[in-house]
Amino acid sequence: MNPERPDLAQLVERARAGESAAVNKLVAALTDDVYGLALRMTANPADAEDATQEILVKAVTHLGGFRGEASVRTWVYRIAVRHLLDRRDSRVEALSLDFERFGADLLDGLGSAGSGDAAEAEEVKLGCSLAMLTCLDRSHRVAYLLGEVFDLPERIAAEVAEVSGEAYRQRLSRARRQVEAFTKSFCGVVEPTASCRCDRRVRRAIELGRLERGRLPLARHPTRAIAVHVREMESLHGAARVLRTHPDYAAPATLVEKLKALLSGDQLDILGERVN
């Protein structure tokens, strides 16, 4: 998640005054961050696009609720987390994975090393680590993402999750223990003695229809121009290192265009007034 831009509060004020250009700029400034959170929560790009649109429309139509007690980004993340906690299951969540079942799945049908090319192995790694997150229930997934992946300060993370600092610390600790135990047992990226390797999973992923050669939506996903890492990788837990090596995802251009079309369609009501 990127640092707060100093002009976001100004954009909010201009948007609340009915300036459509300010609404567009505000949404453009927030889309990538919201999408990055939604993708890691849903583990599916299409579901993440839908959730991002729903979240940003909700944020824009509730700008009257922004009181300036937190940063604009913190306020929007809080809306996003609330929405993602209550949203219907994504396609990956519908599989109802837990760590035991997912571990057995990873070991089923492992092929020989080098059974896929580097891009296919990367697709497996990205998809696998996202699916692994869905083994956590949503509240613990939120805590893990905010603390371990996005590196938010504890006070801000607890505020975004709308829980006490103690509750947040407990959730983060439990989630961290579960993810670390799982990756050390199964993931060869984290633990060299573990059996599963991304390239050894390629053939089985193709057989199961989880990977389609020539179509690599995660490995070839649009990214931001510059990835910002706020902590040295060596200071992170092993599982967090894997998740922090994900690209700095950018929202697909098609999603940005959908939002622009919606906002320019004069359909949104801010503070009871139409956006002109």
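Read the figures in this text as sums done on the coordinates, not as results from a lab. As the structure is a prediction and not an experimental result, all values here were calculated from the model. No Cβ is skipped: glycine too gets one built from the backbone with ideal geometry, and neighbour counts run over all protein chains shown.
Just a few scattered comments:
- By the beta-carbon count within 10 Å of each Cβ, the least crowded to most crowded order of 221, 62, fewest first, is 62, 221.
- The structure-derived value of Rg/Rh (Cα atoms, Kirkwood Rh) appears in the list (i) 0.99; (ii) 1.06; (iii) 1.19 under the label (i).
- Net charge dipole size for the chain [Lys, Arg +1 and Asp, Glu -1 on Cβ; Debye, nearest 20]: 240 debye
- Dipole of the chain, positive end: most advanced residue of 65, 195, 165 [Cβ charges, Cα centre]: 195
- Taking 0.36 nm per residue of sequence separation and removing the Cα-Cα distance, the residue 151/residue 108 pair yields an extension gain of 12.1 nm.
- Set of lysines with alpha-carbon distance to residue 58 below 25 Å, sequence-local pairs under 8 removed: 25, 258, 260
- Of all lysines in the structure, those lying under 20 Å Cα to Cα from residue 184, and not within fewer than 8 positions of it along the same chain, are 125.
- Between residue 191 and residue 13, the FRET efficiency from the beta-carbon distance, with R0 = 30 Å, is close to 0.05.
- Among 68, 147, 116: highest mean-square fluctuation, GNM of the chain, C-alpha pairs under 10 Å: 68
- Computed helical MRE - 222 nm, the chain, DSSP H runs ≥ 4 contributing -39500 (n - 2.57), nearest 500: -17500 deg cm²/dmol
- Residue among 38, 181, 240 with the largest mean-square fluctuation in a Gaussian network model of the chain, springs linking Cα atoms under 10 Å: 181
- Rounded if a/c under 1.5, otherwise prolate or oblate - segment 76-115, Cα gyration tensor axes: prolate
- The residues 159, 212, when put in order of fewest to most other Cβ atoms within 10 Å, stand as 212, 159.
- Inter-label distance for residue 58 and residue 21, nm, one decimal - labels placed 7 Å from Cα along Cα-to-Cβ: 3.1 nm
- The chain: relative contact order in percent, alpha carbon pairs under 8 Å with at least 6 residues between: 27 percent
- Site pair residue 181 and residue 82 shows an inter-label distance of 3.4 nm when each label is modelled 7 Å from Cα along Cα→Cβ.
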